[in-house]
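Worksheet: the structure to be examined is printed underneath.
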Amino acid sequence: MSPNRHHTLQSGARVIVTAHKEDGASVFHSDRVVEPFSPFGPTGSSFVVFDARPSVPVNNQEEPKDLRKTLPRVPQTGVSFCITNMAPRHSAPMHRTLSLDYAVVLSGEIVLELDGGEEKTVRAGDVIVQRGVNHAWHNRTDKVCRIAVVGVGSEKIKLPNGQELEETVIKPERK
């Protein structure tokens with residue numbers, strides 16, 4: 001996918017899934033466009049969840065679940081794969097996930113803010129390895145920022161004094 005491609009909040013994603021025939025030969029299982037889910041309203045961010053598995057290692061013979069209209073959540077001992085389309089001039093509040101997140105900015109740019117106020121601007125082609133930190137996202141541009149994320153469930157962060165850091169999640173608006 002070209003980093004210069006223009007994405008909107010309603011840009012879906014083509015997902016090609018492979019599998020095996022009974023004799024072990026490779027086969028294309030499906031080829032479809034997954035439409036985004038916009039739980040924060042039409043001007044908020046949208047999400048496309050491609051796959052999530054409850055545990056690792058995964059069972060590659062298990063049928064993929066239909067994850068349309070779901071928020072990206074990483075199973076505690078599992079893995080998930082999704083895209084976030086961050087709306088222009090939009091922010092996601094400070095939150096922490098119990099996961100190790102591998103993220104690649106596909107288009108646009110985003111500001112990653114940590115709870116101490118430090119910020120880094122992340123641009124198309126840049127990679128983030130996020131290790132369960134408290135963070136916020138800010139799109140300070142007039143273009144959608146598209147980010148692909150693979151999340152792996154993790155243990156809670158345990159501080160030297162024994163305190164464990166809990167997950168804080170962003171909840172969709174009630175309609």
request  = Pairs only if they're at least six apart or on different chains, beta carbon under 6 angstrom, first in region 51-62 and under 20 Å from A13 (Cβ atoms), second of a type outside the set (A, V, I, L, M, F, W, C) and modelled with pLDDT under 90; list them, first residue then second.
outcome  = D51/P64
ask   = Restricting the search to region 134-161, which residues are modelled with pLDDT under 95, β-branched (V, I, T) and under 23 Å from A52 (Cα atoms)?
value = I157
request  = Check region 135-154 and report whether any residue there is more than 30 Å from S107 (Cα to Cα) and not hydroxyl-bearing (S, T, Y).
outcome  = no
query = Quick check, is P72 touching a residue at least 60 places away in the same chain (Cβ under 8 Å) and under 30 Å from G108 (Cα atoms)?
reply = yes
Members of region 4-33 found to be at pLDDT below 90 and either more than 22 Å from E109 (Cα to Cα) or open to solvent by 50 Å² or more (accessible area, probe 1.4 Å) (or both), listed by number = N4, R5, H6, T8, Q10
query = Quick one: would you say I128 is over 21 Å from G153 (Cα atoms) and modelled with pLDDT of 90 or more?
reply = no
key: Selection within region 71-97 - under 19 Å from L114 (Cβ atoms) and among the small types (G, A, S)   = S91, A92
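If I go through region 95-111 residue by residue, how many of them are under 21 Å from L9 (Cα atoms) and open to solvent by 20 Å² or more (accessible area, probe 1.4 Å)? Write out each step before concluding.
Here is the first cut: in region 95-111, the ones under 21 Å from L9 (Cα atoms) are 103-111.
After this cut, where a residue has to be open to solvent by 20 Å² or more (accessible area, probe 1.4 Å) as well, the list is 104, 106, 108-109.
Number of matching residues: 4.
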Any chance R68 is under 15 Å from the mean Cα position of the chain (by Cα), modelled with pLDDT under 95, closer than 20 Å to P36 by Cα and not polar (S, T, N, Q) = yes
task = Tally the residues that are open to solvent by 70 Å² or more (accessible area, probe 1.4 Å), of a type outside the set (S, T, N, Q) and in a loop (DSSP other than H, G, I, E, B), restricting the search to region 36-81.
result = 10
message = For region 115-139, which positions are open to solvent by 60 Å² or more (accessible area, probe 1.4 Å), closer than 25 Å to E166 by Cβ, touching a strand residue (DSSP E or B) at 6+ places or on another chain (Cβ under 7 Å) and not basic (K, R)?
response = D115, E119, V129
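Is there a residue being assigned to a loop (DSSP other than H, G, I, E, B), crowded, with 19+ Cβ neighbours inside 10 Å and in contact with a Cys (Cβ under 9 Å, 6 or more places away or on another chain) anywhere in region 84-91? Steps first, please.
Taking region 84-91 first, the residues assigned to a loop (DSSP other than H, G, I, E, B) are 87-89.
Cutting the leftovers down to crowded, with 19+ Cβ neighbours inside 10 Å gives us 87.
The next check asks that each one be in contact with a Cys (Cβ under 9 Å, 6 or more places away or on another chain); those that pass are 87.
Scanning region 84-91, I find at least one residue that is assigned to a loop (DSSP other than H, G, I, E, B), crowded, with 19+ Cβ neighbours inside 10 Å and in contact with a Cys (Cβ under 9 Å, 6 or more places away or on another chain), so the answer is yes.
The values are calculated or read from the model by the stated rules, or taken from the named source; none is laboratory data. Not measured: the values here are computed from a predicted model. Cβ coordinates were reconstructed from backbone atoms using ideal geometry, including for glycine residues, and neighbour counts include every protein chain displayed. Side chains included, ligands, DNA and RNA excluded: accessible areas come from the protein's heavy atoms. Shrake-Rupley method; radii C 1.70, N 1.55, O 1.52, S 1.80 Å.
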